[in-house]
Amino acid sequence: GAVVSQHPSRVICKSGTSVKIECRSLDFQATTMFWYRQFPKQSLMLMATSNEGSKATYEQGVEKDKFLINHASLTLSTLTVTSAHPEDSSFYICSARTGRSQETQYFGPGTRLLVL
Amino acid sequence: GENVEQHPSTLSVQEGDSAVIKCTYSDSASNYFPWYKQELGKRPQLIIDIRSNVGEKKDQRIAVTLNKTAKHFSLHITETQPEDSAVYFCAANQAGTALIFGKGTTLSVSS
């Protein structure tokens, strides 16, 4: 149980375009999902916390107008990178928390974004 | 907010030796401390975790110790094997908050 999927797994786009990444909890309802970004050879950096039905909470330094997060249902959160630039190229990983455990997070497989 | 420091950043051991990775955290309210193993291009995989009401936990060759007073916790891998080579991350959080990760340790096990 507690499986999280992400789509797409890899995406290449041109500079200036927008890219949407989906994060789904497949076998549980996730009231809270988290979005992380990981640059090569670095750690996972928390970008935002996404709660179903409410606005996301962004970490300091993360532009909320650039990284749009929508958590419209208990099984789906989306991250849209707007007007992507080469410096946005990164590995984006979502995670979700079940209602049973307030601490444990289950991670998606990640999305590799390359902006040309 | 929480801040997690992790050392060392790289660790090279011979097959069969033990490996120890250490982390410290800043928020005394944190009560959950997982360790993840990440292979290149893949999601982090939980290998062991510990909660603040326990001082030590062991799972076969892997153990974690926690010192809440000093706010540090450690990962111990015994009898290392080449397949243990990966990047290891510690993390910390409390109920309802996101996991905050250390910077990672690249473990290399040579045969």
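Quick look at the numbers
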read-out	value
Per-residue mean of C-beta atoms belonging to partner chains within 10 Å, peptide B:42-52	3
Gap separating the Cα centres of the stretch A:57-81 and the stretch B:47-68, nearest whole Å	33 Å
q = 0.08, 0.09, 0.13, 0.18 Å⁻¹: log10 I(q)/I(0) that the Debye formula gives for the protein assembly as shown, counting C-alpha atoms only	-0.29, -0.37, -0.77, -1.32
Principal axes of chain A: Cα extent on each, largest first, Å	41, 25, 23
Stokes-Einstein D in µm²/s, Kirkwood radius over Cα pairs - chain B at 4 °C with 1.567 mPa s viscosity	93 µm²/s
Compactness relative to 2.2 N^0.38 Å, alpha carbon Rg of the stretch B:8-58	1.36
Projected-area average for the stretch A:47-90 over all orientations - Cα convex hull basis, square nanometres	3.3 nm²
Cβ crowding within 10 Å averaged over residues, with B:96-106, B:51-61 ranked highest first	B:96-106, B:51-61
Local net charge near A:Thr75, Cβ-Cβ under 11 Å (Lys/Arg +1, Asp/Glu -1)	-2
Lysine-lysine proximity count for the protein assembly as shown, Cα under 14 Å, sequence distance 8 or more or distinct chains	9
Spin-label pair B:Glu15/B:Ser85, simplified geometry with 7 Å Cα→Cβ offset, distance in nm	1.1 nm
Of all accessible heavy-atom area on chain A, the percent that carbon and sulfur account for (1.4 Å)	51 percent
Per DSSP, loop trypsin sites (Lys or Arg not before Pro) in the stretch A:16-116 with at most 16 further Cβ within 10 Å	A:Lys41, A:Lys55, A:Lys64, A:Lys66, A:Arg100
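The values are calculated or read from the model by the stated rules, or taken from the named source; none is laboratory data. This structure is a prediction, so every number in the text was calculated from the model and none was measured. Cβ: placed from backbone, ideal geometry, glycine included. Neighbour counts: every protein chain shown. Quick note on the areas: whole protein, heavy atoms, side chains included, nothing else; ligands and nucleic acids left out. Shrake-Rupley method; radii C 1.70, N 1.55, O 1.52, S 1.80 Å.
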